[in-house]
Amino acid sequence: PEERVADANKAATQQPTKYGYVNAVQVYPFTDGALYQLYAAPERVTDIALQPGEKLTAVSAGDTVRWVIGDTASGTGDNQRTHVLVKPFAPGLATNVVITTDRRTYHLQLQSTEKTAMAAISWTYSQDQIIALRQRNAQAEAVTPVASNIALENLRFRYSISGDTPPWRPTRAFDDGSKVYIEFPRRIDQGEAPPLFIVGADGSSELVNYRVRGNYYIVDRLFAA
């Protein structure tokens, strides 16, 4: 077990790299479960900068006797940023720190040296960037017209909605004489979109192709109302 634990910790450890520095700050890409290496030195304070707006819950260290650990903040409002500050009393010390926040948990490995100390570390958050991009795309789609060059006088709201009431139940349907537009609740993007079938006069079901624009299905054909 000891060897397996050692191998897992070694594989999970993220060391500072030359290209990871932005000025004096080592910027690690955040990965859940990774161990981030921090080098410190006596009489030097190393700054662990959290994400702006992130709220500190707790800081736990393995060795609180030979390491000084505290926290402070910079900025105000949504831009307020928490800084966890660490300083060893002597070289040759090693311990770990677990930082919990309202967003995530950080695991750090601390090692003290004679003179080499990292000024600061911080992180990039790819998952947050992906979520923000999706939100921007969704907002852009929300203000994009479902279709253009549609004559209002050609719109026909001759369709009724019946049946069960799942979360994605359509709110209305209409056509412009050539295409059918089916409007769904905005929350449809939170789950799996349903397939679309047309039931023929003989009772048989036919799977229909459609395009998605925002919370609309657009069917490039008409079918009986």
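What follows draws every value from the coordinates through simple rules; no lab data is involved. It should be emphasised that the depicted structure is a prediction, and the values quoted were computed from it without experimental measurement. Glycine gets a Cβ as well: all are built from the backbone with ideal geometry, and neighbour counts include every protein chain shown.
Please report, in debye to the nearest 20, how large the charge dipole of region 152-219 is about its Cα centre when each Lys and Arg carries +1 at its beta carbon and each Asp and Glu carries -1 there.
Working: 9 positive and 9 negative charges, 52 e Å.
Result for region 152-219 is approximately 240 debye, rounded to the nearest 20.
Lys/Arg Cβ at +1, Asp/Glu Cβ at -1, dipole of the chain taken about the Cα centre: which of PRO185, ILE121, SER60 is farthest positive-ward?
ILE121
State, as an integer percentage, the relative contact order of the chain based on alpha-carbon contacts under 8 Å between residues 6 or more apart.
Contact order relative to length: 17 percent.
Per DSSP H run of at least 4 residues, take -39500 (n - 2.57); add these up for the chain, divide by its residues and hand me the 222 nm value, nearest 500 deg cm²/dmol. Write out the running numbers ahead of the final one.
On the way: 2 runs with 28 residues, N = 225.
That calculation yields -4000 deg cm²/dmol at 222 nm.
Of all beta bridges DSSP finds with both residues in region 2-139, what is the antiparallel percent, to the nearest 5? Present the calculation step by step, with values, prior to reporting the outcome.
Values: 26 of 41 bridges.
If I count the DSSP bridges inside region 2-139, around 65 percent turn out antiparallel.
Which residues does a label at SER126 reach in region 23-64, if reach means a backbone N under 19 Å from a point 7 Å past the Cα toward the Cβ?
26-37, 51
Residue-wise, which Karplus ³J(HN,Hα) couplings in Hz belong to region 115-121, taking 6.51 cos²θ - 1.76 cosθ + 1.60, θ = phi - 60°, and x for glycine or proline?
Couplings: 9, 7, 9, 6, 5, 6, 10 Hz.
Among TYR217, TYR19, TYR125, rank each residue by its count of other Cβ atoms within 10 Å, from fewest to most, as a rough exposure measure.
Numbers: TYR217 21, TYR19 6, TYR125 16.
In order of increasing Cβ crowding within 10 Å: TYR19, TYR125, TYR217.
Apply 1/(1 + (r/R0)^6) to the Cβ-Cβ distance of SER160 and ASP220, taking R0 = 25 Å, and write down the FRET efficiency to the nearest 0.05. Mind dumping the intermediate values first?
Details: r = 22 Å, r/R0 = 0.87.
With R0 = 25 Å, the Cβ-Cβ based efficiency is 0.70.
In Å and on Cα atoms, what radius of gyration and Dmax does the chain show?
28.1, 85
How far apart, in nm, are two points set 7 Å out from the Cα along the Cα-to-Cβ line at ALA8 and at LYS179?
5.3
Which of THR46, THR76, THR31 comes first, and how do the rest follow, when ranked by fewest Cβ neighbours within 10 Å?
On the way: THR46 21, THR76 8, THR31 14.
So the ranking, lowest neighbour count to highest, is THR76, THR31, THR46.
For region 38-53 and region 19-34, compute the distance between their C-alpha centroids and round to whole Å.
Here the two parts' Cα centres lie 12 Å apart.
Magnitude of the Cβ-charge dipole of the chain, K/R +1 and D/E -1, about the Cα centre, nearest 20 debye?
360
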